[in-house]
1. Can you pull the accessible area of Tyr249 for me, 1.4 Å probe, Å² to the nearest 10?
2. Roughly how tilted is helix 238-248, in degrees to the nearest 10 and between 0 and 90, from the longest Cα axis of the chain?
3. How large are Rg and Dmax for region 241-285 when only the alpha carbon atoms are used, in Å?
4. What are the ³J(HN,Hα) couplings of region 50-56, residue after residue, when phi is run through the Karplus curve with 6.51, -1.76, 1.60 and θ = phi - 60°? Round to Hz, x for glycine and proline.
5. Which option, [x] 5, 21, 30, 26, 13, 4, 1, 0, 0; [y] 5, 20, 27, 20, 12, 7, 4, 2, 1, 1, 0; [z] 5, 25, 33, 24, 10, 2, 0, 0, is the value of P(r) over Cα pairs in 10 Å bins from 0, in percent that was calculated from these coordinates?
6. In straight Cα distance, which lysines are under 26 Å from Lys40, not counting same-chain residues fewer than 8 positions off?
7. Which order do you get for His177, His297 if you rank them by accessible area with a 1.4 Å probe, largest at the top?
8. May I ask you to rank Leu166, Leu267, Leu239 by accessible area, largest first, using a 1.4 Å probe over the protein chains only?
Amino acid sequence: MSKKYVILLMIVVLLSLTLSSCFLVDLFKTDLDRAIDTVKSDVLPQLLSKTPNASYLCVRAESVVASGTIIMPDFVQASANDSNSSIIVERMVAKGDSYFFLLDLEPGAFYAHPVQYILVPKSGATPTVMSAKWLPRIGGIIPQEFNNKLPSNNLIIQSNVKMTILPGTPLVYNFIHLDIRENEAVLIVQGIMPDEPLYDDSENSYLQVINFFLAYKAARYPGVVVVHWLTGSNANTILTEMNSMASAYSVVTIYIIAHGDVNYIRLGGVGFYASQFVNVINNHPSTKFNFFLGSCHGGSFIDNLNALPNVRLVLTAAKSNESAWPDWDTYGSSTDYNSYDVGSEWTSSLFERAKSILEDSTKLQ
């Protein structure tokens, strides 16, 4: 046999071995492996091409979604004046047993923010994609793996962010005496429920603020300041509490941390609109209000409240078109100026600055 025929034969053998090995590799792939390949090679490139510079995290659900299961956003926001219970809700329905993937386009942020639902049938049929702003309820339940602040590595399909949290320490306050005579009520509200994302982070923020205002109360004349707080399902009594406080005190200061959207926040599982807070404040024209809001799109409340003559201060964690963020010590910033903090980045930064003023008589002047 001539040398050229030997070389040709070797090429044929090598090609057949390569093709057979590829076939064997594909043969031993599971349906989940194939679904992941489809998401990584077909779905993600199309979705991410629309926001090429976005941070993203794609995570899969642990369990297979049974045929016929309905998937819909965790919450559907109606108009503030809409009493119609037959609101049309966008949803997905699993056509055959399927795998579910969540593409988070602002990973780690409070809600509402942009996400994509991706449903890939086990049969290999064409995937279905749906845009949303809230976590998915799959058969009425939010999978716990989507509620975790740091997803399990084995569930992460693809990501371009590193998400790190350092252990933090709550601030300790030692205020100087404050010679302020106005009587004041402070209401601190943590609106996120235990089964919602970033609950622990919100609790840390809430407790940090309680510590601040208890120290503030101790620095004022005895009996001048009262501090109340609401969490869990009690958070949805906020308007009643505001009315009660505004009837008895000349200044009412409100701090809220919650999930939210434009002109909307969710407290204890109930939706509230900016217009409802406007109505309460308008009902008490002789009471002055300070309003702190740590939610996504919280800046939308500023336009509503700033126009009221008895609102002294409105501070929000985000602009109307922005998301609010929990405690991230790596993701989202090349330098974290308070890596020792606990709670949301906005809350910890804001009250750290307040501490520096209220403990320094020269700054306080």
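The values are calculated or read from the model by the stated rules, or taken from the named source; none is laboratory data. Bear in mind the structure is a predicted one, so any value in this text is a computation, not a measurement. Counting neighbours? That spans all protein chains shown, and the Cβs are built from the backbone with ideal geometry, glycine included. Just so you know, the surface numbers come from the protein's heavy atoms only, side chains and all, with ligands and any DNA or RNA stripped out. Shrake-Rupley method; radii C 1.70, N 1.55, O 1.52, S 1.80 Å.
1. Answer for Tyr249: close to 50 Å² accessible.
2. 10 degrees
3. Every Cα atom of region 241-285 included, Rg and Dmax give 11.4, 31 Å.
4. 3J(HN,Hα) across region 50-56, in whole Hz: 7, 9, x, 9, 6, 6, 8.
5. Checked against the structure: label [y].
6. Cross-link targets: Lys29, Lys50, Lys95, Lys122, Lys133, Lys149, Lys162.
7. Largest accessible area first, the list is His177, His297.
8. From most accessible down to least: Leu166, Leu239, Leu267.
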